[in-house]
Amino acid sequence: MGKIHLLDTEVSNKIAAGEVVERPASVIKELVENSIDAGANLITVEIEKGGSVYMRVSDNGSCMSAEDAKICFLRHATSKVRTSGDLDAIYTLGFRGEALSSIGAVSETELYTKRAEDEIGICVTCRGGEILSSDEAGIPNGTSVLVENLFYNTPARRKFLKKDATEAGYITDIMTRFIFAHPEISFKLITDGKEKLFSPGDNSLKNSVYTVYGKDYANGTIPVEYEADGIKVTGLIGKGTLSRPKRNYQSFFVNKRYITSAAITAALENAYKNQIMIGKFPMAVLNIEINPSCIDINVHPTKLEVKFSDERAVYNAVYYGVKNALYAIPNVPKIERTTEEFKRDEAKEQLNLSDMAAALPRNMTRRPETPDYNPRKNPFLKESGDTKTGGLRDTKSDNGFYQKPDFIKEKNTDNFTVPKTVSLASPKREIKPLIPDDDGDTKPETAEETVFADEYFEIVGQVFDSFIIAEKGGEMMIIDQHAAHERLKYEELKREIESKQAFSQMLIEPVIVSLNAGEMAAYRDNKRFFDNVGFESEEFGEDSVIIRAVPGEVEMGEVEPLMLELVSQGEALKKELITEKQQRLLYTIACKSAVKANMRMSKIEMETLVRNVLRLKNINTCPHGRPIIITMSKKEIEKEFKRIV
């Protein structure tokens with residue numbers, strides 16, 4: 001007698017069901033997808049005890065005839081695919097004909113359906129994969145599927161379910177994806193008799209985000225719309241202030257099908273480089289529209305994975321779509337309240353911010369004026385200790401050099417003047433396609449626009465020797481001096497590397513840095529990079545490096561810690577792309593050479609720093625992702641002082 005035999009229907013159905021139905025959320029996903037494919041615009045989901053005891057999905061879709069309802073629980077019974085050629089042009093969410101069969105095989109299921117043209121509906125009962133009855137039923141138009149006692153006949157699978165609250169959380173999560181993918185459909189989720197989610201179905205993705213994440217996230221989103229190579233990317237992304245410690249606020253869809261994709265995730269997060277803090281992840285809801293013949297969704301039973309025929313094209317479409325959206329609008333956060341009462345006061349007369357200087361706290365008073373400042377005189381040649389004038393103090397470093405603050409870049413310092421007004425243009429900036437350089441790396445073309453309108457700004461003072469207060473266009477700007485200078489230094493280093501004209505500062509005494517074996521290997525791997533950014537260094541024995549010059553204004557005492565940190569990062573980043581590794585290392589150099597917090601600055605220094613920051617191309621974060629400028633409107637200040645009610 002042979003050893004090979006055919007499995008009976010009950011066993012084979014349970015095996016198939018184990019691939020499709022992993023938990024209650026899998027049931028909800030399959031049933032809601034069927035409702036969407038049926039053209040429903042009202043879908044209600046009800047669950048009890050995490051879905052393991054009771055689930056119901058009701059819709060107002062096209063419904064089924066009595067004939068179709070009687071066979072829909074059979075394996076591979078589907079209305080969406082007829083021939084193998086149809087698999088190359090799948091626009092529906094379901095197509096295998098396994099959902100209802102798998103659900104019926106591991107639960108007690110009842111299907112109620114009635115078309116508008118039928119006088120009476122039908123109820124089909126399935127238990128453990130066996131159809132028990134098919135009876136007429138007096139029900140309203142629509143379809144409703146009731147699933148009870150999930151995994152009652154597969155106790156091994158049932159015992160692996162988590163707590164009811166956890167399983168309910170999985171269902172809530174999958175429902176949020178449907179709300180994002182189909183804002184034109186009104187979804188309702190009821191958990192243990194309480195309404196958990198309710199979307200308006202008004203075809204507004206922003207309102208869908210409001211439904212799921214709340215007002216702050218909805219108001220902090222940026223629209224994305226980009227098309228290239230037959231791939232269209234649409235949706236919403238969050239501003240940098242909406243970053244999260246995990247990726248659970250990211251939703252990606254291909255032809256409105258929720259998927260997971262490492263390539264799309266990488267494209268999104270690379271587009272946010274320098275926009276958010278390291279270790280944080282952006283919020284995004286993106287849909288990629290692509291010809292179905294260019295993708296394969298039949299690679300996993302849950303249909304969460306998709307294969308692209310041209311993954312690079314999809315990556316580029318997402319990257320440039322997100323990048324263009326981020327740089328299309330200003331990104332300076334405001335400190336404000338948006339109550340209805342506050343909005344009604346917009347037309348009231350407002351006080352001038354300069355008149356409020358006397359009311360500011362003692363550590364926010366205005367810096368002294370500079371009556372003896374001569375704009376024809378070189379401000380960098382003031383004698384040491386001259387703190388009464390408004391000129392720059394000398395900045396003699398530990399290595400014996402006098403250093404000019406690097407954020408002041410006037411070539412002819414004898415004719416240096418401090419402008420009373422700053423004129424800055426504000427057209428949109430579009431990110432151009434990447435252009436390969438001589439080394440094979442890619443870099444975007446840049447445009448010379450900024451996003452600030454033609455307005456003047458006036459320095460009010462410095463707070464805690466760390467933050468600059470300025471007035472501009474009816475708003476108070478608060479600038480983090482270290483973050484601002486760090487960003488300017490970082491952009492300068494990038495330009496110097498691209499032009500191969502890095503500025504170096506010779507050290508009076510060379511610095512010898514001892515390295516261990518791993519650090520020395522990292523130094524050798526990154527020697528070319530160190531040379532490009534302005535280091536003059538070489539190996540000094542078997543376990544040391546001698547440094548004779550450093551980039552920019554790195555102080556003597558920072559040389560050894562800077563080199564140790566750079567080689568440490570280089571050691572950890574051996575497996576990363578060279579462009580990403582360079583960025584991380586540049587962050588550190590910029591941070592070490594930037595003006596520090598708790599450092600007092602003159603008015604000229606502050607004006608020059610703020611002017612150069614405002615000229616950045618819509619960049620409002622330091623290289624590590626911290627904000628540079630925040631603003632507070634005049635009326636908000638008046639509100640705090642009860643000048644308006």
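The values are calculated or read from the model by the stated rules, or taken from the named source; none is laboratory data. In this text the structure is predicted, and so the values were computed from the model without any measurement. Cβ: placed from backbone, ideal geometry, glycine included. Neighbour counts: every protein chain shown. Just so you know, the surface numbers come from the protein's heavy atoms only, side chains and all, with ligands and any DNA or RNA stripped out. Shrake-Rupley method; radii C 1.70, N 1.55, O 1.52, S 1.80 Å.
The condition (being surrounded by 15 or more Cβ atoms within 10 Å (Cβ to Cβ), modelled with pLDDT under 90 and over 24 Å from Ala168 (Cα atoms)) is satisfied by just one residue among Ile122, Ile131: Ile131. Do we find a residue being over 38 Å from the mean Cα position of the chain (by Cα) and either hydrophobic (A, V, I, L, M, F, W, C) or over 16 Å from Ser26 (Cβ atoms) (or both) anywhere in the stretch 169-183? No, there is no match, as no residue in the stretch 169-183 is over 38 Å from the mean Cα position of the chain (by Cα) and either hydrophobic (A, V, I, L, M, F, W, C) or over 16 Å from Ser26 (Cβ atoms) (or both).
Please find, among Ile644, Ile637, Ile589, the residue that is in a helix (DSSP H, G or I), at pLDDT 70 or above, surrounded by fewer than 22 Cβ atoms within 10 Å (Cβ to Cβ) and aliphatic (A, V, I, L, M).
Ile637
Counting only residues that are within 41 Å of the chain's Cα centre (by Cα) and part of a loop (DSSP other than H, G, I, E, B), which one in the stretch 134-153 is surrounded by the most Cβ atoms within 10 Å (Cβ to Cβ)?
Among them, the one singled out is Leu150.
Lys206 meets each of the listed conditions (1) without any contact (Cβ under 8 Å) to a residue 12 or more places away in the chain; (2) assigned to a helix (DSSP H, G or I); (3) not aliphatic (A, V, I, L, M) apart from (1).
Which residues, taken from the stretch 1-25, are out of contact with any Leu (no Cβ under 7 Å at 6 or more places or on another chain) and modelled with pLDDT of 90 or more?
Scanning the stretch 1-25 gives a single hit, Ala25.
Going by the structure shown, is Ser293 at pLDDT below 90, hydroxyl-bearing (Ser, Thr, Tyr) and over 11 Å from the mean Cα position of the chain (by Cα)? Taking the combined requirement at face value, the residue satisfies it.
Tell me which residues, restricted to the stretch 173-194, are closer than 25 Å to Ala284 by Cα and open to solvent by 30 Å² or more (accessible area, probe 1.4 Å).
Asp173, Glu184, Lys188
Taken as a whole, the structure leaves Lys239 outside the set of residues that are under 20 Å from Tyr213 (Cβ atoms), surrounded by 15 or more Cβ atoms within 10 Å (Cβ to Cβ), among the basic types (Lys, Arg) and at pLDDT 90 or above. In the set (1) open to solvent by less than 70 Å² (accessible area, probe 1.4 Å); (2) among the hydroxyl-bearing types (Ser, Thr, Tyr); (3) at pLDDT below 95, Tyr210 fails one condition alone, (1). Working only within the stretch 612-625, note down all residues that are modelled with pLDDT of 85 or more and open to solvent by 20 Å² or more (accessible area, probe 1.4 Å). If the condition is that a residue be modelled with pLDDT of 85 or more and open to solvent by 20 Å² or more (accessible area, probe 1.4 Å), then Asn612 is the only one that fits. Out of all the residues in the stretch 246-260, is one or more of a type outside the set (Ser, Thr, Tyr), part of a loop (DSSP other than H, G, I, E, B), in contact with a Ser or Thr (Cβ under 9 Å, 6 or more places away or on another chain) and open to solvent by 60 Å² or more (accessible area, probe 1.4 Å)? Yes, the stretch 246-260 contains at least one residue that is of a type outside the set (Ser, Thr, Tyr), part of a loop (DSSP other than H, G, I, E, B), in contact with a Ser or Thr (Cβ under 9 Å, 6 or more places away or on another chain) and open to solvent by 60 Å² or more (accessible area, probe 1.4 Å). Within the stretch 34-65, which residues are at pLDDT 90 or above and charged (D, E, K, R)? Matches in the stretch 34-65: Glu46, Glu48, Lys49, Arg56, Asp59.
Quick test of your reading of the structure: Glu167 fulfils all but one of (1) closer than 28 Å to Tyr320 by Cα; (2) open to solvent by less than 30 Å² (accessible area, probe 1.4 Å); (3) acidic (Asp, Glu). Name the failing condition by number. Of (1) closer than 28 Å to Tyr320 by Cα; (2) open to solvent by less than 30 Å² (accessible area, probe 1.4 Å); (3) acidic (Asp, Glu), only one is false for Glu167: (1).
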